[in-house]
Amino acid sequence: MENTKFLLNEKQIPEYFLNINYYFKKYLGKLPDPALHPLTKKPITARDLEPIFPKELIRQEVTLEKNVKIPNEVREIYKLYRPTPLFRARGLEKFLDTPAHIYYKYEGASPAGSHKLNTALVQAFYNQKEGVKMLVTETGAGQWGSALSMACNFFKLKCLVFMVKISYEQKPYRKIVMEIFKSRVISSPSTKTRIGRVFIKKFPKTHGSLGMAIAEAIEVAASKKEAKYSLGSVLNHVLLH
């Protein structure tokens, strides 16, 4: 019988992240388009990121190294749920009548319920290492908020989560999960920030949006010395993890 499920043991958890930008540069000769500064519309620089991210994550954002070492402290926590199983979708291959081999990873077995804990742990670790006391973030349905809340709990950081209003109301149990890990969860838009009050005044019937929640989170993170912002998607260092 041919294998459908492929499993590694704890000792085979990788020691390094593989940096896809290294391969873009080496084999394609160029990198993906950079993120743009929202005010200048020019590519964001490392200096632009300093108010909201710790130095090591900024370094990982721009690195072209092939391998980036995974901290041992993070690898120890990865043992709770990694390596996750790799499956071969033999039934789908047969249905499609394709010679291609189709594989997928199952990430739902993590304590937070998604792959997002992979980067949340790394971000929390490096923020704590650089003396940050609190991480501020946004969440839509609550997966990212749950992952960062758990990661902050591991590394003894406070966590503030702006949760999109409609999800805050429709998915109360996600809020409970975050609060179990000692996070503070605020429905967004809120009256807690200047930009939140602007949104409420301009759009009084809004159900909120991820953009609004991001704006509130960045405002708080940029205004507090002991706080940094944490993002669960989009940027290079997040994809790296």
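The values are calculated or read from the model by the stated rules, or taken from the named source; none is laboratory data. All values derive from a computational prediction rather than experimental measurement. Using ideal geometry, Cβ is built from the backbone for each residue, glycine included, and neighbour counts are taken over all protein chains shown.
Among the residues making up region 121-150, those that are more than 24 Å from SER188 (Cα to Cα), touching a residue at least 40 places away in the same chain (Cβ under 8 Å) and not in a loop (DSSP other than H, G, I, E, B) are LEU121, VAL122, PHE125, TYR126, ASN127, LYS129. The residues of region 13-33 that are more than 20 Å from the chain's Cα centre (by Cα), surrounded by 10 or more Cβ atoms within 10 Å (Cβ to Cβ) and assigned to a helix (DSSP H, G or I), listed by number, are TYR22, TYR23, PHE24, LYS25, LYS26. So is PHE95 farther than 22 Å from GLU15 by Cβ, of a type in the set (A, V, I, L, M, F, W, C) and free of Cβ contacts under 8 Å to residues at least 24 places away in the same chain or not? Yes; evaluated as a whole, the condition is true for this residue.
Please work out if GLU130 is in contact with a His (Cβ under 9 Å, 6 or more places away or on another chain), surrounded by fewer than 19 Cβ atoms within 10 Å (Cβ to Cβ) and among the acidic types (Asp, Glu).
No, not satisfied.
The number of residues in region 60-93 that are in a helix (DSSP H, G or I) and over 30 Å from GLY113 (Cβ atoms) comes to 1.
Take the conditions modelled with pLDDT under 95, within 24 Å of ASN19 (Cβ to Cβ), in contact with a strand residue (DSSP E or B) (Cβ under 6 Å, 6 or more places away or on another chain) and not aliphatic (A, V, I, L, M) and apply them to LYS105. Does it pass? Spell out the reasoning first.
Numbers: modelled with pLDDT under 95: yes; within 24 Å of ASN19 (Cβ to Cβ): yes; in contact with a strand residue (DSSP E or B) (Cβ under 6 Å, 6 or more places away or on another chain): yes; not aliphatic (A, V, I, L, M): yes.
When the stated conditions are applied, LYS105 passes them.
If we scan region 5-18, do we find a residue that is closer than 25 Å to THR137 by Cα and either at pLDDT below 95 or not small (Gly, Ala, Ser) (or both)? Yes: region 5-18 contains one or more residues that are closer than 25 Å to THR137 by Cα and either at pLDDT below 95 or not small (Gly, Ala, Ser) (or both).
Checking each residue in region 34-50 for being in contact (Cβ under 8 Å) with a residue 12 or more places away in the chain and either surrounded by fewer than 13 Cβ atoms within 10 Å (Cβ to Cβ) or assigned to a helix (DSSP H, G or I) (or both) picks out ALA46, LEU49.
When region 157-201 is limited to residues that are among the aromatic types (Phe, Trp, Tyr) and touching a residue at least 12 places away in the same chain (Cβ under 8 Å), the one that is nearest to PRO111 (Cα to Cα) turns out to be PHE181. Among the helices (runs of 4 or more DSSP H) confined to region 151-234, the ones with at least 1 residues that are more than 23 Å from VAL132 (Cβ to Cβ) and of a type in the set (Ser, Thr, Tyr) are located at 165-170, 172-180.
Could you list, in sequence order, all residues of region 96-117 that are closer than 11 Å to GLN143 by Cα and in a helix (DSSP H, G or I)? The one that is closer than 11 Å to GLN143 by Cα and in a helix (DSSP H, G or I): LEU117.
Here is a yes/no grid of residues against (1) more than 16 Å from the chain's Cα centre (by Cα); (2) at pLDDT below 95; (3) farther than 30 Å from ILE20 by Cβ; (4) crowded, with 19+ Cβ neighbours inside 10 Å:
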| position | (1), (2), (3), (4) |
| --- | --- |
| GLY142 | no, no, no, yes |
| LEU148 | no, no, no, yes |
| CYS152 | no, no, no, yes |
| ARG184 | yes, no, yes, no |
| ARG197 | yes, no, yes, no |
| VAL234 | no, yes, no, no |
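In the set (1) loosely packed, with under 13 Cβ neighbours inside 10 Å; (2) at pLDDT below 95, the condition left unmet by VAL62 is number (1).
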